[in-house]
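The structure appears below as structure tokens.
The values are calculated or read from the model by the stated rules, or taken from the named source; none is laboratory data. Just so you know, these numbers come straight off a predicted model, no measurement behind them. Every residue, glycine among them, receives a Cβ derived from its backbone with ideal geometry; neighbour counts consider all protein chains shown.
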Amino acid sequence: MRSGKHNSIVTVAVAAAALALGAISTAAHAQDSSSASAHQNGSDAAVAARVKDALQSNPTLDSRHIDVAVEHGEVHLKGFVQDPRTLLAANQVATQAAGDHKIVNELLIKENYPNAP
């Protein structure tokens, strides 16, 4: 009988340890996920800044009406440009600056928009 009682105590102790390890593992995973999310947001901001700088520093590209946003690792170009050539140039500059990030080009062409060069 003593052996049966001992086995029950050991079983309960093992189950409690497994539950505790599961809770620790879940907490660690949640912390890793939030850290990864924060890191992703940080790298998204860095990519957005890099793309914006590349667009603004290109002397042949009027980027005053181009907005850059990075959402879930994808670089979104929004706003408008004056012609198809500028749209393609903006896409090319963004692609080079963004590295391996996908470019989602949502630019519109507005010919003869105000303040066009």
Item to complete: Scan segment 61-79 for residues that are among the basic types (Lys, Arg) and either within 13 Å of Ile103 (Cβ to Cβ) or within 16 Å of the chain's Cα centre (by Cα) (or both) and jot them down.
Response: Lys78
Item to complete: Select, from Gly42, Gly73, the only residue that is farther than 21 Å from Asn112 by Cα, surrounded by 13 or more Cβ atoms within 10 Å (Cβ to Cβ), out of contact with any Gly (no Cβ under 8 Å at 6 or more places or on another chain) and at pLDDT below 95.
Response: Gly73
Worksheet entry | Residue selected from segment 47-70 under the condition under 15 Å from Lys110 (Cβ atoms) and not hydroxyl-bearing (Ser, Thr, Tyr), by the criterion surrounded by the most Cβ atoms within 10 Å (Cβ to Cβ) | Ile66
Worksheet item: Here is a list of conditions, (1) over 13 Å from the mean Cα position of the chain (by Cα); (2) within 12 Å of Leu55 (Cβ to Cβ), and Ala98 meets all of them except one; can you say which number that is?
Response: (1)
Worksheet, complete the sentence: Of the residues in segment 94-113 that are part of a helix (DSSP H, G or I) and in contact (Cβ under 8 Å) with a residue 40 or more places away in the chain, the one that is farthest from Asp44 (Cα to Cα) is Gln96
Practice prompt. Filter segment 72-90 down to residues that are part of a helix (DSSP H, G or I) and touching a Leu at 6+ places or on another chain (Cβ under 7 Å) and give me whichever is nearest to Ala48 (Cα to Cα).
Written response: Ala90
